[in-house]
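Okay, so here's the structure we're looking at.
The values are calculated or read from the model by the stated rules, or taken from the named source; none is laboratory data. Keep in mind that this is a model prediction, so the values were computed, not measured. Methodologically, a virtual Cβ is constructed for each residue, glycine included, from the backbone with ideal geometry; neighbour enumeration extends over all protein chains shown.
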Amino acid sequence: MKNQLEELAVLGGKPFFARPLHVGSPNLGDRRRLMTRIEDLLNRRWFTNNGPFVREFEQRVAYLVNVRNCVAMCNATKGLELVARALGLHGEVIIPSFTFVATAHALQWQQITPIFCDVDATSHNIDPDCVERMITPKTTGIIGVHVWGRPCNTERLAEIATRRGLTLLFDAAHAFSCTRGGRMIGGFGAAEVFSFHATKFFNTFEGGAVVTNDDALARKLRLMNNFGFSGYDNVIYLGTNGKMNEVCAAMGLTNLECLEDFVETNRRNYRAYRQNLAGVSGVTVIEYDETERCNYQYIVLEIDEKQAGVSRDTLMHLLHAENVLARRYFYPGCHGMEPYHSDFPHWELLLPNTRRLCSRVLSLPNGQAIGESQIQEICSLIKFVLGLSLREKGRLKEVVGAEEPEAVLV
Ligand code: T4K
């Protein structure tokens, strides 16, 4: 525990943690079962192109989320690109700016213009009233993002999409194994896209999936995902390569066997963070609706600088110096990133809640890589900083200044 200002690592003290604690440190199921599966696929000499592990993985995911079709992908970004194309989106598509930049890039990559919409200040999800205001004659679709795995207002978005003749999709990168109204995420809109990236609570090393109840859409996606091949030498459609390989599917099958353990670990950690930070002025840990099925994968703080006496950025720098690599997802918002910022530098005038959130949120480590004692220590560090006098906080602000945090690799 740190007791004095000078003990903080930014002021030359020893970092509290000897090794970096990452937000996205991957979960891993039974290592031996993974190795057995990898031996199998090596012996079989079938490494990719719709192999048996990929087919089994697709069936299991479809069953789990209660949809008719799952098309496994090399990552969610490719999944978003393909499904947007397969559904004929063009012109403008409305998305939140408060999302990982992949949601926007997947559209822009194929000359579809992302139109950034503000989010609801509490749920952090796309605001349906704002969606209505952003619709123009060029709009062809809406992509809701279930940010942090907390579902969007699917009913209102569906009502708007139907009334205005728009296609509704969901970027469900964060929301694997979550429900809304007791219904699994995966079955909403025309399709939903999961990410199984290493940093997600459930991972396939890299990977993703498009899930849909539309059989024709799934057939089209399968064609597009494999260069448009319909049997040997017969290309019937414009396609690309978005396939998941067998090693990734082996990891997916192995991790699916531990899905409940991963959720339980996250839930335990989430409760520990909330308990340890309860009543700390200026810090709120975002809440999950425990009456629904949640994956609890993101521990997100909102820092109110006025109450806390330190800004989110100062706190983040201090934590980084102590080897807690907290992340300010999704700062600065897609609208503040290129090429979107240069295309329209005035986006932020339309996005007050996004702007506010981008200056307040901070994600903390979660998952198997972290335990209760480390959570207590991280929270004690936060409480120690927030408990300093105004003069001491002022000094810290000067020390950390406007430095940009550096990416730490290991
Ligand atoms: N839509 C949404 C809403 C998303 O959040 C994402 C991805 C996508 C779409 C696209 O999904 P994919 O195409 O990736 O399937 C990370 C992930 O790379 C990205 O998948 C994720 N969202 C995003 C929220 O987080 P970065 O830029 O923060 O990655 P990076 O390299 O800084 O890693 C994050 C942390 O995890 C670091 O502290 C290091 C640690 N880490 C990372 C890896 C890869 C590990 O400890 N071990 C590892 O193996 O984007």
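Looking at (1) of a type in the set (A, V, I, L, M); (2) touching a residue at least 40 places away in the same chain (Cβ under 8 Å); (3) part of a helix (DSSP H, G or I); (4) over 25 Å from F330 (Cα atoms), find the lone condition where M35 falls short.
(2)
I'm trying to understand the selection: among the residues of region 144-182, which are in a loop (DSSP other than H, G, I, E, B), on the phi < 0 side of the Ramachandran plot and either within 16 Å of the ligand (Cβ to nearest atom) or outside the structural domain of F57 (by TED's automatic domain parsing) (or both)?
Correct list: H146, R150, P151, C152, A172, A173, H174, A175, F176, C178.
Got a sec? Which strands (runs of 3 or more DSSP E) wholly within region 183-302 have at least 3 residues that are in contact (Cβ under 8 Å) with a residue 24 or more places away in the chain, assigned by TED's automatic domain parsing to the domain that holds A172 and hydrophobic (A, V, I, L, M, F, W, C)?
191-195, 208-212
Determine the pairs where a residue that is part of a loop (DSSP other than H, G, I, E, B) and within 12 Å of the ligand (Cβ to nearest atom), located within region 317-344, has a partner that is among the acidic types (D, E) and modelled with pLDDT of 95 or more with Cβ atoms under 9 Å apart, the partner being 6 or more residues away or on another chain.
Close Cβ pairs satisfying both conditions: R328/D313; Y331/D313.
Among (1) within 16 Å of the ligand (Cβ to nearest atom); (2) crowded, with 24+ Cβ neighbours inside 10 Å, which single condition is S123 missing?
That leaves (2) as the condition not met.
Given the residues V54, V61, V67, V23, which is the only one that is in contact (Cβ under 8 Å) with a residue 12 or more places away in the chain, in contact with a Lys or Arg (Cβ under 7 Å, 6 or more places away or on another chain) and crowded, with 19+ Cβ neighbours inside 10 Å?
Step by step, each of V54, V61, V67, V23 is checked, and only V23 is in contact (Cβ under 8 Å) with a residue 12 or more places away in the chain, in contact with a Lys or Arg (Cβ under 7 Å, 6 or more places away or on another chain) and crowded, with 19+ Cβ neighbours inside 10 Å.
Restricting the search to region 126-138, which residues are more than 16 Å from the ligand (Cβ to nearest atom) and not in a loop (DSSP other than H, G, I, E, B)?
P128, D129, C130, V131, E132, R133, M134
As an exercise: evaluate F116 against (1) under 19 Å from the mean Cα position of the chain (by Cα); (2) assigned to a loop (DSSP other than H, G, I, E, B); (3) away from the ligand (no atom under 12 Å from the Cβ) and give the number of the one condition it does not meet.
Here F116 meets the rest and fails (2).
Are any residues in region 254-277 surrounded by 15 or more Cβ atoms within 10 Å (Cβ to Cβ) and under 19 Å from F205 (Cβ atoms), and if so, which ones?
Selection gives T254, N255, L256, C258, L259, F262.
Please tell me if L388 is in a loop (DSSP other than H, G, I, E, B) and farther than 30 Å from V93 by Cα.
Yes.
Among the candidates G79, G141, G88, single out the residue that is within 11 Å of the ligand (Cβ to nearest atom), among the small types (G, A, S), assigned by TED's automatic domain parsing to the domain that holds A198 and in contact (Cβ under 8 Å) with a residue 40 or more places away in the chain.
G79
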